[in-house]
Each structure stands twice: as C-alpha cells, then as structure tokens.
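The values are calculated or read from the model by the stated rules, or taken from the named source; none is laboratory data. Just so it is clear, the structure is predicted and the values come from calculations on it, not from any experiment. Using ideal geometry, Cβ is built from the backbone for each residue, glycine included, and neighbour counts are taken over all protein chains shown.
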Amino acid sequence: MTTMMGSKAPVTASEGGMAARMDVALSVILITPDDYGTIRDVVLCLRDQGGADRLELVIVAPDRATLALDERDLSGFGDWQVVEVGPIVTIGAAKLTAIRRATAPIVAFGEDHSFPEPGWAEAILAALAQGHVAAGPAVRCGNPRTLLSWANYLMHFGAWAPEAVTAGSVTQLPWHNTSYRRDLLLAFGDRLPSLLAAEARLQQELQDQGHSLYLAADAVTAHVNVSRWLPSLRGSFWGGRLYGSTRAQDAGWPVWKRIVYAGGSPLVPLIRVRRLRQTIGRAGQRRLIPGIFATLIPLLMAHAAGEAVGYLIGIGAAEERYSFFEMRRIDHLCAADRAEFGRT
C-alpha cells in the first residue's frame, strides 16, 4: 500500500504518521473501485463548497496506474492524498485504511452517488464544533424520476428528508454519509470495518459510551438511488442478511432466539410499510401513494428474507455482496438515470 499526497502549506506530524496541513479540519473519504471518473462529479461538488480549503480529500483506489487522476480538479482543496489498497472487496476495510491515513481530526464518508450541496462542509464543521462526535446531513432524493428510486430512497434515507428534519441531537444518522471524530473511530481497532458495514451498530456504540449524534439539517446531500429491479432486490437481500447476522452476533443471541426472529421475519414488511407511510408523509411525498407501496413491498420482502438467513446461518459473503451495490452506482441505474448521472 502506498500513498501519494499533494500539499501547499506548512505541515506537521499527524496521528496517522502522515504530513498534515495545520488548517485542515475535515478529511473526506471517497472510494473508487476503478478509476477517477467514478468519483469525479462528487469531487467537483466538494471542491466548490464554501470552506473547501479546510478539507482534505482522501481518495481510496486499487492503484495509481489505473486511477488516471486529474490533479487540476484538486486545486481548491486544503490538501489531498491517494491511498492504494489493491482490489476493493469490502467498503469497511477500505475505509479503515483511509481513516488511518487521514490527517484531519474529523473524517467524513462520501459516496460516488451522493452529492453534497453548497454549505454542506460548513454546516458539518459547525455541528461538530459544538462537541458532538458525529454529524450527518439531511438527504435529498437525487434521482426522483422513478418509483423504484423513490422506494430505495424512502427505505434507506426517508427519515432524513430535508422536509422532515430539524437540526438537533438524534439517535441515528444516515449510513455512509456521516462525519465522525477520527480518534473515536480508531479506538475501535480491527472491529471498525465490521461496524462501518452496518453503521447503526457504530452509532449505537458511540451513544452507549455517552457521546451524542447531531443532525446538521443545513447540510444537505443529494443521494442517487438504485433504479433497476434486479440490483434493488439483490441489494435488499444482502443488506438484510448483513443486518440480521450482525444484530444477532453483537447481542450474542442463542440459537432459539435466532430461530424465533427468523420465523417472525415475514411480519417485518408489514411493520415497515406502516412506518414508511408516516415517513412518506413527513417527507412531503404523499403524491406517491398508493403506487409506491407496490414497489416497496417486494424490496421489503427481499430484505426480510435476507434478515432471516442472517439470523439462521450468519453473515456469509453478505458484506462483500452488499459492498458491490454501494460502489459504482452508475451500474445499478436505469437507462434514463444513467444518462442524467453523466457516465456510461
């Protein structure tokens, strides 16, 4: 593993052993399984933020030779580095390497399909300056063209719709889009990749330690959601298996309890539909009713099936399979969304 850095200011030794600019406040981690083109649009969104000169961009890639980085795009950042990790199989492991190499006291997780809107960086930094250990944004649906995209958005991010949230302390923040104090993440050691794979567990453990999470409602990101049926169903299944297996493992459930929860999993879609109806209302999307439920129910059933499998036989390859759907979102979009997303 090697690292390439770019810097234009005096540096000091950092916790991770790298050189760090004194005024860099936030390291933003972006992972690409192939080349720079996969993340370029997000990089440009970050560069155009107010306060971009206080950001360090940490690009995680298999290798520099195939990355084809355009360094001209990085001129507005306070600092940047490229971390080579070889083939990227799971997101959690790649993130751990990036966190160790990051130089700022705060790390933010970005995605190739989540586009921070103006003011995002300043709002996140302001929230963390209040003493919270984690801060997350409001999340907007970034590809509202299809009911399938809306269904995936509402399942995973509807609770943080800009229309539904106010700034303040919360019990959960949006997965893969939240910022954390770096020292607290590193304290989890080799457990961290597993916690990052199912981020609700990480957030719960931080709260169990007495820390607070903060929703920075003025920080908004536009999240592009899967809009093809097969990837949606497969991603829901593997996400469910990841959730079920880690939930049972963390709590040390005995076999009988795993069987009981697996047996009750067919009821989960009914419970979630009721909750999602409330989410849809709070998000200001009642216009989607009733058609959205015909789309949501198959996804919820796939997730429940995966959850049952996770309870019964464990994680298997769930983390690897789920990570596949969280990288190169362009591959999991319908043709119309692919054209609008900008890369084929």
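Summary of computed values
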quantity	calculated
The stretch 206-238, residues that are of a type in the set (A, V, I, L, M), part of a strand (DSSP E or B) and farther than 19 Å from Met155 by Cβ	Leu213, Ala216, Ala217, Ala219, Val220
Lone qualifier among Val139, Val165 - being over 20 Å from Ile91 (Cβ atoms), outside any helix (DSSP H, G or I) and among the β-branched types (Val, Ile, Thr)	Val165
Subset of the stretch 74-91 (residues that are farther than 12 Å from Asp53 by Cβ and in contact (Cβ under 8 Å) with a residue 60 or more places away in the chain)	Gln81, Val82, Val83, Glu84, Val85, Gly86, Ile88, Val89, Thr90, Ile91
Asp331 vs. criteria part of a helix (DSSP H, G or I), surrounded by fewer than 17 Cβ atoms within 10 Å (Cβ to Cβ) and in contact with a Pro (Cβ under 8 Å, 6 or more places away or on another chain)	yes
One residue from Gly316, Gly284, Gly263 being in a helix (DSSP H, G or I), surrounded by fewer than 16 Cβ atoms within 10 Å (Cβ to Cβ) and either out of contact with any Phe, Trp or Tyr (no Cβ under 7 Å at 6 or more places or on another chain) or of a type in the set (D, E, K, R) (or both)	Gly263
Lone unmet requirement of (1) assigned to a loop (DSSP other than H, G, I, E, B); (2) farther than 26 Å from Ile99 by Cβ; (3) within 19 Å of the chain's Cα centre (by Cα) for Trp253	(3)
Number of positions in the stretch 14-53 that are modelled with pLDDT of 95 or more and polar (S, T, N, Q)	3
Which numbered condition Arg100 misses (of (1) in a loop (DSSP other than H, G, I, E, B); (2) among the charged types (D, E, K, R); (3) under 27 Å from Asp208 (Cα atoms))	(1)
Count - residues of the stretch 89-102 that are in contact with an Asp or Glu (Cβ under 9 Å, 6 or more places away or on another chain) and either among the β-branched types (Val, Ile, Thr) or over 14 Å from Pro193 (Cα atoms) (or both)	4
Output for the stretch 61-78, where each listed residue is among the acidic types (Asp, Glu) and in contact with a helix residue (DSSP H, G or I) (Cβ under 9 Å, 6 or more places away or on another chain)	Asp70, Asp73
Cross-chain or 6+ apart pairs with Cβ under 6 Å, the stretch 289-310 first and touching a residue at least 24 places away in the same chain (Cβ under 8 Å), then part of a helix (DSSP H, G or I) and of a type in the set (Lys, Arg)	Leu300/Arg272; Gly306/Arg241; Val309/Arg241; Gly310/Arg241
In the stretch 181-205, the residues that are part of a loop (DSSP other than H, G, I, E, B) and closer than 26 Å to Arg140 by Cα	Ala198
The stretch 92-117: number of residues that are closer than 21 Å to Val224 by Cα and at pLDDT 95 or above	11
So Leu299, is it at pLDDT 95 or above, touching a helix residue (DSSP H, G or I) at 6+ places or on another chain (Cβ under 6 Å) and closer than 24 Å to Pro162 by Cα	yes
Among (1) touching a residue at least 12 places away in the same chain (Cβ under 8 Å); (2) over 16 Å from Trp175 (Cα atoms), the one test that Leu96 misses	(2)
Condition broken by Leu154, with the remaining ones in (1) in contact with a helix residue (DSSP H, G or I) (Cβ under 8 Å, 6 or more places away or on another chain); (2) surrounded by fewer than 23 Cβ atoms within 10 Å (Cβ to Cβ); (3) within 18 Å of Leu233 (Cα to Cα) satisfied	(2)
